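Okay, structure first, notes after.
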Amino acid sequence: MIRLLQIAVFVAFGLLWEIASRTFADPFYISSPVRVAQVLTTDLQNAGFWRDLGITFRELLLGYVFGAAGGIATAVVFGRWPRVAQVFDPFLAARDFKRVDLSRYKRVPSDRCRTRSRRSSASPLRHTY
């Protein structure tokens, strides 16, 4: 039954997309799903598409490897030499993002939650910058 509902939602989405693309949507911004399927079918048969897809995945993998290696090297340097970490501390904005305490929304008793908000009277979704 769930699978039929999932298929129905998928088909309804496709129909609404097709209707929108034919009636009020600008074709420059929203293409028709039929047109997308036609272009995809044509591209899958084109050798240039597969070459470009291979280049894209190769660049994605290299970017991930270089980013991970750079992050690991930075973590090792900061862990090994705390003074270097202190020098660069103001420039690392990701460390200053405020955390949102969602522990009161969990369905477990509050004594089992590991995190506690610093100010229990404050709203849990309120950010103070």
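The values are calculated or read from the model by the stated rules, or taken from the named source; none is laboratory data. Just so you know, these numbers come straight off a predicted model, no measurement behind them. Because the Cβ atoms are built from the backbone with ideal geometry, glycine has one as well, and the counts that use them run over all protein chains shown.
Below is a table of values for the structure above.
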{"read-out": "Extreme residue, surrounded by the fewest Cβ atoms within 10 Å (Cβ to Cβ), among residues of region 101-112 that are of a type outside the set (Lys, Arg) and at pLDDT 60 or above", "value": "TYR105"}
{"read-out": "Close pairs from region 20-44: first in contact (Cβ under 8 Å) with a residue 40 or more places away in the chain and within 25 Å of GLY54 (Cβ to Cβ), partner surrounded by 11 or more Cβ atoms within 10 Å (Cβ to Cβ) and not basic (Lys, Arg), Cβ under 9 Å, at least 6 apart", "value": "none"}
{"read-out": "Scope region 53-93; condition of a type in the set (Phe, Trp, Tyr) and under 30 Å from LEU40 (Cα atoms); matching residues", "value": "PHE57, TYR64"}
